[in-house]
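One structure is given below, encoded as structure tokens.
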Amino acid sequence: EAFQNPLRSVDAAGWLGPSIQGWRVLGLAAGGGRQGPLYAAAGAEVTVVDISDAMLKLDRQVAAQRGLRMRILQGSMDDLRGLEEASFDLVVQPVSTCYVPDILAVHRQVARVLRGGGLYISQHKSPASLQLSRRLEAGNYVMHHGYYDKRPLQSAEPESTFRETGTLEYVHRLEEIVGGMCRAGMVIEDLVEPFHAKSDSLPGSFGHRCSMVAPYLRIKARRVGVTPAARLIL
């Protein structure tokens, strides 16, 4: 169903305008067979970078099934030295920055590969959601992780909707997420908290927890401070 209107599927807020035909798009830490193929189906020239070979395999499969052309590279979101400076009109990053200890390194890499006027659309786990217990404890959700604690989260519980086993996750403060983008050379144009709350759902469920704290931040930022490319995004 998503491929019936691929641009709307990836841009429900309308941040990208009516068309991204011919845009050079980087899907950062965006493997998995959804993001890259949808942007390619919407007419963009897509490069996907992800550290997981399994996720990139899904991109290759979907691209082959649908006859889509994509450049697929294995690498880390905080080291994009293999990509040319100022070479992308748009960098899109689904939820993934929580997996690196230094989010500012990611912002600097994004700013380096974006053209002047280019957009960075990213989604992040909110700090409070990462700090909060996944399950009710004596009828309440409990803050387990300090806001300024740079250590990775403890992940003793089984895999759940909130957190994946076998990974390390880090709480990034709002000043690091939002202020860090600004300090890297981007300006924030919009910020939303995608709505997942279901107040009538069972206590301890994902929807119930989301009625207490927003799980994600989705941010639209634009690259400034560099010489604009000949082709600007309007």
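The table below gives the values:
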{"read-out": "Residue of TYR148, TYR216, TYR99 that the Gaussian network model of the chain assigns the largest fluctuation, springs spanning Cα pairs under 10 Å", "value": "TYR148"}
{"read-out": "Per residue accessible area of the chain, 1.4 Å probe, in Å²", "value": "50"}
{"read-out": "Only Lys, Arg (+1) and Asp, Glu (-1) charged, at Cβ; the stretch 1-135 dipole about Cα centre in debye", "value": "260"}
{"read-out": "Other-chain or far-sequence residues with amide H under 5 Å of GLY118's (modelled H)", "value": "ARG223"}
{"read-out": "Fraction of accessible area attributable to carbon and sulfur, the chain (%, probe 1.4 Å)", "value": "52"}
{"read-out": "Simple label model, 7 Å out from Cα along Cβ direction - PHE195 to LYS150, nm", "value": "3.9"}
{"read-out": "Förster radius 45 Å - calculated FRET efficiency between ALA54 and SER211 (Cβ-Cβ, nearest 0.05)", "value": "0.85"}
{"read-out": "26 Å Cα-Cα reach of LYS150 towards lysines, excluding residues that sit fewer than 8 places from it in its own chain", "value": "LYS125, LYS220"}
{"read-out": "Cα→Cβ-extended label distance, 7 Å offset, between PHE3 and GLU137, nm", "value": "4.5"}
{"read-out": "Counting DSSP beta bridges with both ends in the chain, the antiparallel % (nearest 5)", "value": "45"}
{"read-out": "Rounded, prolate or oblate (a/c below 1.5 giving rounded, otherwise prolate when a/b exceeds b/c) for the stretch 1-119 by Cα gyration tensor", "value": "oblate"}
{"read-out": "Nearest 10 degrees, 0 to 90: helix 103-113 Cα axis against the chain principal axis", "value": "10"}
{"read-out": "By average C-beta atoms within 10 angstrom, highest first, the peptides 126-135, 16-25", "value": "126-135, 16-25"}
{"read-out": "With Cα atoms, 0 to 90° folded angle of helix 53-66 axis to the chain main axis", "value": "50"}
{"read-out": "The chain: calculated mean residue ellipticity at 222 nm from DSSP helix runs of at least 4, using -39500 (n - 2.57)", "value": "-5500 deg cm²/dmol"}
{"read-out": "Shape category assigned to the stretch 52-100 from the gyration tensor of Cα positions, a/c cut at 1.5", "value": "oblate"}
{"read-out": "Three-way shape label, the chain, alpha-carbon gyration tensor, a/c 1.5", "value": "prolate"}
{"read-out": "Length released on extending from ASP102 to SER76, taking residue separation times 0.36 nm less the Cα-Cα span", "value": "8.1 nm"}
{"read-out": "Where labels lie 7 Å past Cα in the beta-carbon direction, separation of ALA86 and SER19 in nm", "value": "2.6"}
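The values are calculated or read from the model by the stated rules, or taken from the named source; none is laboratory data. In this text, all values refer to a predicted model and were calculated from it rather than measured experimentally. Cβ sites come from the backbone with ideal geometry, for glycine too, and all protein chains shown count toward neighbours. Remember, those area values only see protein heavy atoms, side chains included, never the ligands or the DNA or RNA. Shrake-Rupley method; radii C 1.70, N 1.55, O 1.52, S 1.80 Å.
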